[in-house]
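Undergrad: Just dropping this structure here.
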Ligand code: 13P
C-alpha cells in the first residue's frame, strides 16, 4: 500500500522568524511521526535555517524550484546540488505558477527533473490543466502532454524517486477544489499513462498527490480516493493547525 504524503508548498510567503515558528509547530504537532510522509517547502532564503528546525524529526525539507545545472554563470538561480547541501530531500518542479509566470516548458521541466534526480533529490513533479482546458474537454490531452514531456527519458528506477502532484490550475488558491471524483479520475488517468511510460510496477508504486484548495474540511474525502495518495498544500500549509489537520486526515 502506498504511504500517504502531505507536503506544504509555502510559495513566496513567510519571513524567517515566522517560517521557523511554523516549521517548529509542525514538528511539535507531528511528534514522533505517523504513517504519513510529511514535508515543508519554504522559500529559498529560509531553507538552511528551517533545515536546522526539522533536522532529526519526521518532517522533511523541500525546495520549490531549481535550475538544471550544478554550478556556473546563471545569476539568480539555485542548483539541485545546493539544495542537497542545505538539507533538502525534495524539490517541487513544474508548478503551474512557474509554468504560467516564468514560462517553464515541459522540456525545461524535464531537464530540471533529470538534474534534481542526479543530485539525489526526490522530485515532486506538478502537472494540471487550466479551466479552459477542462471546459474544452482537453484535460487528459494536457496531462498526457505534460507527463510525456516532463518524464522524457525517465526510467522506472528514477520514477521511484518521484512523486506526481496533480494540481488543476483552476483549483489553486481559488477555494474551489476538484471534487473527489474529478481528482480520482485524473489520478487514475495519470497512473495509467505513467504505466505506459515507465511500466506497471513503477506506476502502481507511484505516489500521486492532489493539490488545489486542500483544506482540513475537504482533505479526508479527497485522500480517501483510491488513487489519491497525498496532498500538496498551498494556503493551508501556512497555518500549522490546518496543515496538521490535513496530515491527520491522511493517517490510516
Ligand atoms: P492552494 O492550496 O493554496 O490552493 O495551493 C495549491 C498549490 O499550488 C500547492 O502547490
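FYI, it's all coordinate maths here, none of it is from the lab. Note that the structure is predicted; figures quoted are calculated from it, not measured. For neighbour counting, all protein chains shown are included, and Cβ atoms are generated from backbone atoms with ideal geometry for every residue, glycine included.
Undergrad: Answer yes or no as to whether residue 68 is under 19 Å from the mean Cα position of the chain (by Cα), more than 26 Å from residue 147 (Cβ to Cβ) and crowded, with 19+ Cβ neighbours inside 10 Å.
TA: In short, no.
Undergrad: Name the pairs whose Cβ atoms lie under 9 Å apart, with the first residue in segment 222-236 and closer than 14 Å to residue 179 by Cβ, the second part of a loop (DSSP other than H, G, I, E, B) and within 11 Å of the ligand (Cβ to nearest atom), and 6 or more positions between them or separate chains?
TA: 222/177; 222/178; 222/214; 223/214
Undergrad: Then there's this: Consider segment 66-97. How many of its residues are within 16 Å of the ligand (Cβ to nearest atom) and in contact with a helix residue (DSSP H, G or I) (Cβ under 6 Å, 6 or more places away or on another chain)?
TA: Total meeting the criteria: 5.
Undergrad: Right, next: Report yes if residue 191 is under 30 Å from residue 115 (Cβ atoms) and touching a residue at least 24 places away in the same chain (Cβ under 8 Å), otherwise no.
TA: It is true that residue 191 is under 30 Å from residue 115 (Cβ atoms) and touching a residue at least 24 places away in the same chain (Cβ under 8 Å).
Undergrad: How many residues are over 17 Å from residue 187 (Cβ atoms) and not in a helix (DSSP H, G or I) if we restrict to segment 121-152?
TA: 8
Undergrad: So which of 176, 207, 233 is surrounded by fewer than 21 Cβ atoms within 10 Å (Cβ to Cβ) and within 13 Å of residue 7 (Cα to Cα)?
TA: Matching residue, one of 176, 207, 233: 207.
Undergrad: Give me the residue from segment 76-115 that is assigned to a strand (DSSP E or B) and free of Cβ contacts under 8 Å to residues at least 60 places away in the same chain and, out of that set, surrounded by the most Cβ atoms within 10 Å (Cβ to Cβ).
TA: By that ranking, first place goes to 93.
Undergrad: Pick from 232, 238, 197: which is within 16 Å of the chain's Cα centre (by Cα) and closer than 19 Å to residue 128 by Cβ?
TA: One residue alone meets the criteria, 232.
Undergrad: Residue by residue through segment 43-58, note down the ones that are part of a loop (DSSP other than H, G, I, E, B) and either in contact (Cβ under 8 Å) with a residue 40 or more places away in the chain or loosely packed, with under 15 Cβ neighbours inside 10 Å (or both).
TA: Residues satisfying the conditions are 55, 56.
Undergrad: A further question on this structure: Failed condition for residue 73, given (1) in a loop (DSSP other than H, G, I, E, B); (2) surrounded by 13 or more Cβ atoms within 10 Å (Cβ to Cβ), with all others met?
TA: If we test residue 73 against (1) in a loop (DSSP other than H, G, I, E, B); (2) surrounded by 13 or more Cβ atoms within 10 Å (Cβ to Cβ), just (2) comes out false.
Undergrad: Inside segment 159-179, can you point out the residues that are more than 16 Å from the ligand (Cβ to nearest atom) and part of a helix (DSSP H, G or I)?
TA: If the condition is that a residue be more than 16 Å from the ligand (Cβ to nearest atom) and part of a helix (DSSP H, G or I), then 159 is the only one that fits.
Undergrad: Give the residues of segment 199-221 that are touching a helix residue (DSSP H, G or I) at 6+ places or on another chain (Cβ under 7 Å), within 11 Å of the ligand (Cβ to nearest atom) and touching a residue at least 40 places away in the same chain (Cβ under 8 Å), sorted by residue number.
TA: 210, 212, 213
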